[in-house]
Amino acid sequence: MDEKSTKVSRTLLQKLRDTLGESGEGQERLDHITQLVAQSMGSEVCSIYLRRDRQTLELCATQGLNPEAVHQTRMRVGEGLVGRVAKQATPINTQDAPHTKGFRYMPETSEELFPSFLGVPIQRLGEILGVLVVQNKDQRIYTEDEAYALEVVAMVIAEMKELGAFTGEGEAMSAPHQRAHQFKGGSAQEGAAIGVVLLHDPKIIITNPVADDPEVEKKRLNAAIAQLRLNVDDLLNSSRSDNKEQQEVMEAYRMFANSRGWVTRLEASIESGLSAEVAVEKEQSATRARMSRAPDPYLRERLHDLNDLSNRLLRLLTGQGRAADDKVPENAILVASNIGPAELLEYGKSIKGLVLENGSVGSHATIIARAWAIPMVIHAENITREALNGDQILVDGDQGIVHLRADDTVVGAFKDKIAMLAKAQQKYAAIRELPAVTLDAIHIGLQMNAGLMADLPSLVSSGAEGVGLFRTELQFLLRNSMPKRSDLAELYARVYNAANGKPVNFRTLDIGSDKVLPYLQPEDEPNPAMGWRAIRVGLDKKGVMRMQLQAFIRAANGRPLRVMFPFVAQFDEFRDAKAMLDGVLRNEERLGHVVPVDVKVGAMLETPSLAFAPDQFFEMCDFISIGGNDLKQFFYAADRENERVRRRYDTLNVSFLSFIEQIAARCDLFETPVSFCGEDAGRPIEALCFVAMGLRNLSMRPASIGPVKHMLRRTNLEEARDVINEARASGDQSVRSAVVKWLNGR
Ligand code: PEP
Ligand code: MG
């Protein structure tokens with residue numbers, strides 16, 4: 001950008017700032033801005049289009065087009081040149097708009113008179129808020145400097161607080177972030193909580209979009225960058241690791257922080273009149289736009305680093321955001337775009353609920369939220385943009401609904417729901433010490449799933465008879481390097497001690513799929529859930545599996561040991577894994593370690609193939625645990641992580657229930673104990689149907705034991721079976737409605 005044009009853009013920005021400082025309605029200001037820009041750029045037309053909702057743009061102010069079209073002309077994002085600027089988040093610069101790809105004629109605006117068109121996105125941190133357009137009668141291509149100046153103006157418009165008010169015809173011009181909002185997401189953990197928003201990554205509010213003095217701004221920027229580099233060095237030194245790839249990634253991060261090109265671009269934006277903060281945001285918007293288009297995962301990761309650095313820089317410049325030692329407010333509900341397990345653990349158990357824009361039911365943040373028994377909603381789209389720290393928030397983990405700044409009626413109804421849940425909890429507590437026996441005197445073993453030390457106190461409070469599934473991968477996932485055998489042995493010994501004689505099924509590492517260990521180079525697999533995971537990794541990387549088996553044996557220190565192997569698809573895998581365990585046991589004995597008095601070796605049945613394994617498998621296997629989460633996804637070929645399909649096929653579909661019945665019968669034949677440890681075991685109606693199909697042991701989240709036991713103790717299994725059989729005979733696809741009807745009519 002040459003000096004003259006820098007000056008033009010700076011003068012324009014100064015005038016803009018004065019306009020923004022004036023009192024008056026939002027509309028007046030937008031009108032004024034369009035006049036100012038048209039005048040400064042020598043254009044006959046300047047228009048501002050703003051996003052009305054996710055799909056629609058609306059002409060909100062214009063200088064030069066037909067004023068009648070304001071708040072009338074609308075287009076879909078992607079439609080016409082304006083819509084394309086918004087969709088692609090890139091400028092369009094043409095001297096022949098009517099013949100440019102995507103042009104759509106809008107007679108009400110009379111824009112056919114202006115063939116030259118320059119449109120730039122109005123965006124804030126990668127979110128497209130609208131489009132700023134200038135048009136001319138003469139055929140001309142706008143210079144690069146003009147395009148840059150218009151982008152700079154668009155950045156300042158994006159900072160206007162009242163922008164959010166232009167969201168619809170006739171809608172009150174109320175300030176954004178004040179209205180009530182409801183978000184419909186997915187349930188990751190049941191329960192209800194009422195509290196205040198705590199943003200994991202709070203929004204930064206910028207009050208000075210235009211620079212008073214570029215020299216001062218540059219000084220502020222450079223001071224913040226110097227601080228940023230020191231912080232990054234500290235971060236890298238404290239997380240130094242022997243893992244080569246990890247070190248390389250960290251060094252790339254440092255390289256970005258020291259990149260001269262990055263700083264030069266930031267300084268150029270300041271020169272053109274932006275404040276240091278908005279200059280950083282401008283760079284960040286460009287990064288985010290590139291990130292969304294980058295096809296290569298490696299490149300996307302690097303852009304993610306750059307985005308992260310911009311965030312840190314913004315926090316340094318504004319002094320806003322959360323410091324590591326900030327206290328978690330009372331009744332905090334954590335709201336984040338996404339969060340890793342370690343970050344979540346840092347907040348501690350005082351968090352009352354968790355709401356994520358992304359996330360998945362099987363993610364590690366979810367597993368922790370479950371261990372903490374806090375309600376959690378995932379896929380609450382756009383919540384981090386709407387929520388502000390301290391806003392009142394209601395989380396309905398049962399329905400997957402979040403209410404932000406709800407009105408009194410909703411709050412009242414919600415409080416009633418919480419009171420009802422508390423009452424139910426009292427009911428469950430009263431039967432805690434009683435066995436899960438049906439009305440026709442069938443005893444069902446109820447155990448709990450665990451994966452963290454934090455889960456273990458629930459063994460007593462839930463009334464579980466043992467740990468049916470101890471997921472060991474979380475301990476690996478929480479670290480950034482491979483844990484040592486002695487650390488693992490110590491941890492498993494603590495699990496034994498906490499179990500206090502109750503049985504614990506230790507599952508060997510189930511990594512791969514959605515659980516990727518940062519220090520084991522993840523394979524770039526097209527379909528990781530069906531890829532190199534669980535026992536497949538264990539059998540190929542024998543060192544890791546042996547190390548874990550040794551840790552189990554040492555932790556047992558003579559006590560009985562129960563080990564189960566995940567994701568066994570065929571007999572050979574089980575036989576090889578069991579042989580490995582036998583070998584490790586012999587070796588431990590030779591080394592003089594005490595070996596367990598009794599060793600039981602089980603398999604998780606998570607692929608349909610294992611149900612049809614040779615008889616010898618059932619004879620050799622000491623116990624089987626049905627991993628229903630995986631089994632269901634492979635039975636129906638419906639990804640358990642994919643919101644579009646994961647609920648498409650009912651667990652109580654007759655096909656799946658009949659399959660469970662077959663597995664139970666086959667295990668019975670060989671007297672191989674079998675249990676079900678997928679999420680469905682914790683749902684009372686599903687649990688009842690599994691039991692009716694012949695299962696006698698279920699393992700579930702601790703919080704589900706009360707509701708499931710309550711259901712079983714009130715039910716006659718023979719009758720339940722009759723209802724299910726009748727529904728099956730009638731040709732119903734699912735037995736659910738018949739069972740629910742019967743339960744409600746009792
Ligand atoms: C399952 O698949 O049902 C299971 C219990 O294992 P995970 O959820 O850890 O894959
Ligand atoms: Mg599984």
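Brief remarks on what is shown
- Over 20 Å (Cα to Cα) - which of Lys352/Lys417; Lys484/Lys542; Lys327/Lys349; Lys184/Lys417; Lys578/Lys600; Lys417/Lys741 fall in this group: Lys417/Lys741
- Region 573-612: C-alpha gyration tensor shape, a/c 1.5 cut-off, then a/b vs b/c: prolate
- Rounded, prolate or oblate (a/c below 1.5 giving rounded, otherwise prolate when a/b exceeds b/c) for the chain by Cα gyration tensor: prolate
- Exposure proxy ranking, count of Cβ atoms within 10 Å, fewest first, for Phe612, Phe571, Phe690: Phe612, Phe571, Phe690
- Rounded to the nearest 20 debye, the dipole magnitude of region 444-744 is 780 debye, with +1 charges on Lys and Arg beta carbons, -1 on Asp and Glu beta carbons, and the Cα centre as origin.
- The packing ranking of peptides 502-511, 311-320, highest mean first, is 502-511, 311-320, where packing means the average number of other beta carbon atoms within 10 angstrom of each residue.
- Span from the region 72-114 Cα centroid across to the region 395-424 one, whole angstrom: 45
- Rounded to the nearest 20, the Cβ-based charge dipole of the chain about its Cα centre (Lys and Arg +1, Asp and Glu -1) stands at 1780 debye.
- Cα→Cβ-extended label distance, 7 Å offset, between Arg254 and Gln392, nm: 5.0
- Ascending count of other beta-carbon atoms within 10 Å, so fewest first, for Tyr492, Tyr142: Tyr142, Tyr492
- Taking 18 Å as the straight-line reach from the Cα of Lys541, the aspartates and glutamates in range (excluding those fewer than 8 positions away in the same chain) are Glu473, Asp510, Glu523, Asp524, Glu525, Asp572, Glu573, Asp576, Asp582.
- With the highest mean first, a sort of the peptides 147-154, 648-655 on other beta-carbon atoms found within 10 angstrom per residue produces 147-154, 648-655.
- Projected label distance in nm at Arg559 and Lys502, using a 7 Å step from Cα toward the beta-carbon: 1.2
- Counting every other Cβ atom within 10 Å of each residue's Cβ, Val437, Val131 order from fewest to most as Val437, Val131.
- Look at the alpha carbon pairs under 8 Å that are at least 6 residues apart: their mean separation over the length of the chain gives a relative contact order of 10 percent.
- For peptides 393-402, 707-716, 271-280, 413-422, sequence by mean Cβ density within 10 Å, most packed first: 271-280, 393-402, 707-716, 413-422
- Think of it as helices only: each DSSP H run of n ≥ 4 in the chain is worth -39500 (n - 2.57), and spread over all residues that comes to -14000 deg cm²/dmol at 222 nm.
Where a number appears in this text, it was derived from the coordinates with a stated rule and is not lab data. Bear in mind the structure is a predicted one, so any value in this text is a computation, not a measurement. Heads up, the Cβs are rebuilt from the backbone with ideal geometry, glycines too, and the neighbour counts pull from every protein chain shown.
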